[in-house]
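Could you have a look at this structure, given as structure tokens, before my questions?
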Amino acid sequence: MLPGRMLTVAKLTDMMKCPACGHGGLELREGAIACRDCGHSLRVEGNSLLFESAQEGLSAEWQAQQDVAVPEYEKGTEESVDALSRLFGGFMAISLRRDHKVLDIGCGITREVPPYVRDLGLENYIGLEPLMVSNDPHYPKLLGAIAEALPIRDGVLDAVMFATSMDHIEDIDGAVSEAKRVVGLEGRLYMWIGIYDPDIIARTKAFHNIMLGSRVKKTLRFLAAHVEYSYTLWQMKDRRKRLAKGIRIDPYHCRYYTRENVGTSLAHWGLEAVRSVEVPNTASLFVEARPA
Ligand SMILES: C[S@@+](CC[C@H](N)C(=O)[O-])C[C@H]1O[C@@H](n2cnc3c(N)ncnc32)[C@H](O)[C@@H]1O
Ligand SMILES: [Zn+2]
């Protein structure tokens, strides 16, 4: 992203609505953005606008999930994930314009923009992230805000993105309805969804294992690939059975998407897929959707 051309927090006031009273008249006042109607005030810290009480609506279970997640996110991502992330950028670049106003819902806790927007040169990119990890981001961020209650006025954005965040959001129906509200009828929703089909996961794991690591490791893994594939397939089928019974299978996710339920979910949300791509050997689905 080109420094200097980016949006500043001060300019966000035009797009925002007050999280307390819902009115649109926000203005910048010494180190804060305040509501002209009710006086509610949001602290500005560098590029972050702080929503200190927005998470109160979320459950204790969600809070516990985040405690497990933060150290994981802080470890950073592998090279292969970085490449996949940039591929999602390429997918969006087909229809996303540089001057589009875009909100990244669940943008993560990194200081730099995520890899999927790194090469897009977006001039009006805003991140939204509930985890209050204050790390002086190099892009405007609604820190502490949540997908279920976007502090954005109706129809002022051109697009929103969910990059591997949909399976972390507690009330996904509420979040998608909010996303539709802020982009209006002409807007676009870009989704990067991890898919939990046993066969895809098993193939992905086997594929990664023989592609990564030292030569010796790769050779041994290559020899063991079939066993690994069969084992993962068995493990995933077992997980699906547990999921069907409503048993939680890991501490991170609220739900799991599969090829089938992405289709039914889109219909349920009143969205129509414009384009979609299943990325081979990654268990990832990219979708561009619009209000149906
Ligand atoms: C797997 S991370 C993805 C981060 C980033 N988009 C990326 O791909 O590098 C999922 C993100 O969703 C966020 N998230 C969880 N619940 C959320 C909610 N209710 N509203 C918005 N984001 C949420 C998490 O805090 C986390 O940063
Ligand atoms: Zn207000």
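Going by the structure shown, is Ser53 under 14 Å from Leu142 (Cα atoms) and surrounded by 14 or more Cβ atoms within 10 Å (Cβ to Cβ)?
Working: under 14 Å from Leu142 (Cα atoms): yes; surrounded by 14 or more Cβ atoms within 10 Å (Cβ to Cβ): no.
The answer is no for Ser53.
Tally the residues that are touching a Leu at 6+ places or on another chain (Cβ under 8 Å), of a type outside the set (Val, Ile, Thr) and under 27 Å from Asp99 (Cβ atoms), restricting the search to the range 159-183.
If we filter the range 159-183 for residues that are touching a Leu at 6+ places or on another chain (Cβ under 8 Å), which is where we start, we get 159-162, 170, 176, 178-183.
Among the residues that remain, those that are also of a type outside the set (Val, Ile, Thr) are: 159, 161-162, 170, 178-181.
So of that shortlist, the ones also under 27 Å from Asp99 (Cβ atoms) come out as 159, 161-162, 178-181.
The number of residues fulfilling the criteria is 7.
Filter the range 81-91 down to residues that are in contact with a helix residue (DSSP H, G or I) (Cβ under 7 Å, 6 or more places away or on another chain) and not basic (Lys, Arg) and give me whichever is modelled with the lowest pLDDT.
Filtering the range 81-91 down to residues in contact with a helix residue (DSSP H, G or I) (Cβ under 7 Å, 6 or more places away or on another chain) leaves 82, 85-86, 88-89.
If we keep only those that are not basic (Lys, Arg) as well, we get 82, 85, 88-89.
Numbers: Asp82: 89, Ser85: 95, Phe88: 97, Gly89: 98.
Looking at residues that are in contact with a helix residue (DSSP H, G or I) (Cβ under 7 Å, 6 or more places away or on another chain) and not basic (Lys, Arg), I get Asp82.
Does Gly127 meet the test of being closer than 19 Å to Lys11 by Cβ, more than 16 Å from ligand 2 (Cβ to nearest atom), under 15 Å from the mean Cα position of the chain (by Cα) and modelled with pLDDT of 95 or more? Quick ask: steps written out before the conclusion?
Numbers: closer than 19 Å to Lys11 by Cβ: yes; more than 16 Å from ligand 2 (Cβ to nearest atom): yes; under 15 Å from the mean Cα position of the chain (by Cα): yes; modelled with pLDDT of 95 or more: yes.
For Gly127, the condition - closer than 19 Å to Lys11 by Cβ, more than 16 Å from ligand 2 (Cβ to nearest atom), under 15 Å from the mean Cα position of the chain (by Cα) and modelled with pLDDT of 95 or more - is met.
Looking at the range 63-74, can you tell me whether even one residue there is within 12 Å of ligand 1 (Cβ to nearest atom), in contact with a Cys (Cβ under 8 Å, 6 or more places away or on another chain) and acidic (Asp, Glu)?
No, the range 63-74 contains no residue that is within 12 Å of ligand 1 (Cβ to nearest atom), in contact with a Cys (Cβ under 8 Å, 6 or more places away or on another chain) and acidic (Asp, Glu).
If you scan the range 160-178, which residues turn out to be over 13 Å from the mean Cα position of the chain (by Cα), buried (at least 17 other Cβ atoms within 10 Å of the Cβ) and more than 9 Å from ligand 1 (Cβ to nearest atom)?
Within the range 160-178, Glu178 is the sole residue that qualifies.
Additional query: Checking the conditions here, which among Val68, Val102 is among the hydrophobic types (A, V, I, L, M, F, W, C), surrounded by 13 or more Cβ atoms within 10 Å (Cβ to Cβ) and either more than 16 Å from ligand 2 (Cβ to nearest atom) or without any contact (Cβ under 8 Å) to a residue 24 or more places away in the chain (or both)?
From the options Val68, Val102, the qualifying one is Val102.
Taking the residues in the range 73-99 that are crowded, with 18+ Cβ neighbours inside 10 Å and of a type in the set (Phe, Trp, Tyr) as candidates, determine which candidate is nearest to Pro137 (Cα to Cα).
Phe88
Answer yes or no: is there a residue in the range 3-14 that is of a type outside the set (Asp, Glu), within 23 Å of Val113 (Cα to Cα) and in a strand (DSSP E or B).
Within the range 3-14, not a single residue is of a type outside the set (Asp, Glu), within 23 Å of Val113 (Cα to Cα) and in a strand (DSSP E or B).
The values are calculated or read from the model by the stated rules, or taken from the named source; none is laboratory data. In this text the structure is predicted, and so the values were computed from the model without any measurement. Note that each Cβ is placed from the backbone with ideal geometry, even for glycine, and that neighbours are counted across all protein chains shown.
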